[in-house]
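The values are calculated or read from the model by the stated rules, or taken from the named source; none is laboratory data. Bear in mind the structure is a predicted one, so any value in this text is a computation, not a measurement. All Cβ positions, glycine included, derive from the backbone under ideal geometry; neighbour counts span all protein chains shown.
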Amino acid sequence: MQHQQKPPVDPSALAHRALREGAFWRAIPAYAEVDEATFLDHIWQGKHSVKTPEELFATIGTIVDPAFLNDAAEGFRRAPMAVRVSPYIIAAIDWRRPYSDPIRRQFIPVASQLLPDHPLVTLDSLHEQDDSPVQGLTHRYPDKALFLPLQTCPVYCRFCTRSYAIGPHTESVDKAALAKTPDLWHQAFAYIASRPELEDVVISGGDTFQLSPKNITTIGEALLAIPHVRRLRFATKGLAVMPMKILSDTAWVDALAGIVEKGRALGKDVMVHTHVNAPNEITWITQRATEELFRRGILVRNQSVLIHGVNDDVETMTLLVKRLSWINVHPYYVYVHDLVQGVEELRTSIQTAIDLEKAVRGTTAGFNTPLFICDAPGGGGKRDVHSFEYYDRENGIAVYRAPSVKPGESFIYVDPLAGLSPQAQARWAVPELQERMIADALAHAEGKVETPA
Ligand code: SF4
């Protein structure tokens, strides 16, 4: 039998290994004289984060068109999320193309790109507060709880699902309170201890990068001490936005490694979940950080958000998945963008997620292939994008059910209006027609209307 040889690999197939090298931050005027040791210092990164239009101007004012800066200043004013961007992220943006840069799109709003919200967008679209038995704890899935012990992050994402609570108040949103004090943490621990079905706890926020080493240890030990808790996940976007913390905050890494080791001794699984969305968020600094975590026995999974203009084409999503795998981060989930206020231009359709899933599957090993998920608005939890009961592509309405989470209920995700036909957009502008379209989709999902063959 003749064995077929594969042709030599095209070098473009190895693009995921080509990470940004060197002192790339020096292209930014404000960092031109910053040496490597300073740039890798997480305290310096925190102190020099950009929070206002004036700080943005002082950092990049000489390399960007003033019209863009005025546009951004108005974007800052209208955004439901406060802006906070680390020098690492500023340096990763290609300021020659600020309007289309995938990293700028995620963190710095510009007024001219904002679109009106879809009528079904709400501030807490996942209804996390409805499933919260004590402040700062969400208990939605039977065996899993989400613990939210802080409200701050090193960088604020424009599209944050938890924009109802994360970051400082903004002109348009007064933030809800989470469990930000140790007293409130103990209420959460007591609740988890009182519920024997809870085996899995996600510690999020906010971002656990912001917890002190002492508090990582306090929270980790308290949760590991609960006999029925078997799995902990520390959630941080830090690896994407400030990876140097892993290299320069030894006490934080030691505290986390200590909890991982304690967990292992008890037969319990402790992992890190991170949140990288664009392949060029990953640089040599990220690779050194993930190598350090791997060396310390700390395993990392990634949860991306599918974002228009950031990762919603096949080439970029495939590159992201392969680059994460290359640095030993498992590409676990890709979430369809939640129905978050003020970021309509960042959302994609359910169909986009379905098409991407089909294209990405098969490009690498199955365990490194992400699940494409819709977190069902209204509290249905994470559903495989393909598992809708009905999908009205013309009006952009997908109906999901979640029998193990909320039996008997239906949940609706809506595609962004900008991708719909002008006729469908006109229908969404009329409240009575909105109700009729939704009722019709629900009736189809329940099999009460026959879909033409
Ligand atoms: S890091 Fe997470 S919690 Fe913080 S703003 Fe971004 S998405 Fe929200």
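Annotation note: Cβ proximity below 6 Å between a residue of region 199-228 that is at negative phi and a residue that is of a type in the set (F, W, Y) (sequence gap 6+ or interchain) occurs for V201/F147; I203/F147; I203/F234; T208/F234; P213/W252; A222/F189. Please find, within region 396-437, the residue that is surrounded by the most Cβ atoms within 10 Å (Cβ to Cβ) out of those that are of a type in the set (S, T, N, Q) and over 21 Å from G342 (Cα atoms). Per the criteria, the residue is S410. Of all residues in region 173-198, exactly one satisfies the criterion of being more than 18 Å from Q135 (Cβ to Cβ) and within 16 Å of the ligand (Cβ to nearest atom), namely V173.
The residue that is modelled with the lowest pLDDT, among those in region 109-136 that are hydrophobic (A, V, I, L, M, F, W, C) and touching a Leu at 6+ places or on another chain (Cβ under 7 Å), is V121. Test V305 against the stated conditions and say whether it is in contact (Cβ under 8 Å) with a residue 60 or more places away in the chain, out of contact with any helix residue (DSSP H, G or I) (no Cβ under 8 Å at 6 or more places or on another chain) and hydrophobic (A, V, I, L, M, F, W, C). In short, yes.
crowded, with 19+ Cβ neighbours inside 10 Å, farther than 17 Å from G205 by Cβ and within 16 Å of the ligand (Cβ to nearest atom), is that true of S163? So S163 fails the test. Per this entry, G22 is not counted among residues that are among the small types (G, A, S), assigned to a helix (DSSP H, G or I) and either at pLDDT 95 or above or closer than 20 Å to I285 by Cα (or both). Screening region 97-111 for residues that are touching a residue at least 12 places away in the same chain (Cβ under 8 Å) and more than 16 Å from the ligand (Cβ to nearest atom) and picking the one that is farthest from V50 (Cα to Cα) gives S100.
Among the residues of region 189-206, just one is buried (at least 16 other Cβ atoms within 10 Å of the Cβ), small (G, A, S) and at pLDDT 95 or above, namely A193. Every condition in (1) away from the ligand (no atom under 16 Å from the Cβ); (2) at pLDDT below 95 is met by T217 except one, and the failing one is (2). All told, E221 meets the bar of being within 30 Å of P142 (Cα to Cα) and surrounded by fewer than 23 Cβ atoms within 10 Å (Cβ to Cβ).
P53 falls short on exactly one of the conditions (1) surrounded by fewer than 16 Cβ atoms within 10 Å (Cβ to Cβ); (2) over 25 Å from D249 (Cα atoms), and that condition is (1).
A225 passes every criterion in (1) closer than 19 Å to R301 by Cα; (2) among the hydrophobic types (A, V, I, L, M, F, W, C); (3) away from the ligand (no atom under 11 Å from the Cβ) apart from (1). Might you check whether a residue that is closer than 23 Å to A15 by Cβ, more than 15 Å from the ligand (Cβ to nearest atom) and more than 17 Å from the chain's Cα centre (by Cα) occurs anywhere in region 330-351? Scanning region 330-351, I find no residue that is closer than 23 Å to A15 by Cβ, more than 15 Å from the ligand (Cβ to nearest atom) and more than 17 Å from the chain's Cα centre (by Cα), so the answer is no.
Among the strands (runs of 3 or more DSSP E) contained in region 347-424, which hold 2 or more residues that are free of Cβ contacts under 8 Å to residues at least 40 places away in the same chain and within 24 Å of D313 (Cα to Cα)? Result: 371-376, 381-384.
Looking across region 320-345, the residues that are part of a helix (DSSP H, G or I), surrounded by 23 or more Cβ atoms within 10 Å (Cβ to Cβ) and of a type in the set (A, V, I, L, M, F, W, C) come down to L320, V321, L324.
Going by the structure shown, is R105 assigned to a helix (DSSP H, G or I) and touching a Gly at 6+ places or on another chain (Cβ under 6 Å)? Taking the combined requirement at face value, the residue satisfies it. Just give me the residues in region 228-274 being part of a loop (DSSP other than H, G, I, E, B) and within 23 Å of P102 (Cβ to Cβ), in sequence order. Within region 228-274, T236, K237, M242, P243 meet the criteria.
Any residue at all in region 230-242 that is surrounded by fewer than 18 Cβ atoms within 10 Å (Cβ to Cβ) and under 21 Å from S86 (Cα atoms)? Looking for residues that are surrounded by fewer than 18 Cβ atoms within 10 Å (Cβ to Cβ) and under 21 Å from S86 (Cα atoms), one finds none in region 230-242, hence no.
Across region 116-139, a minimum of one residue is classified as away from the ligand (no atom under 16 Å from the Cβ), part of a loop (DSSP other than H, G, I, E, B) and closer than 30 Å to A92 by Cα.
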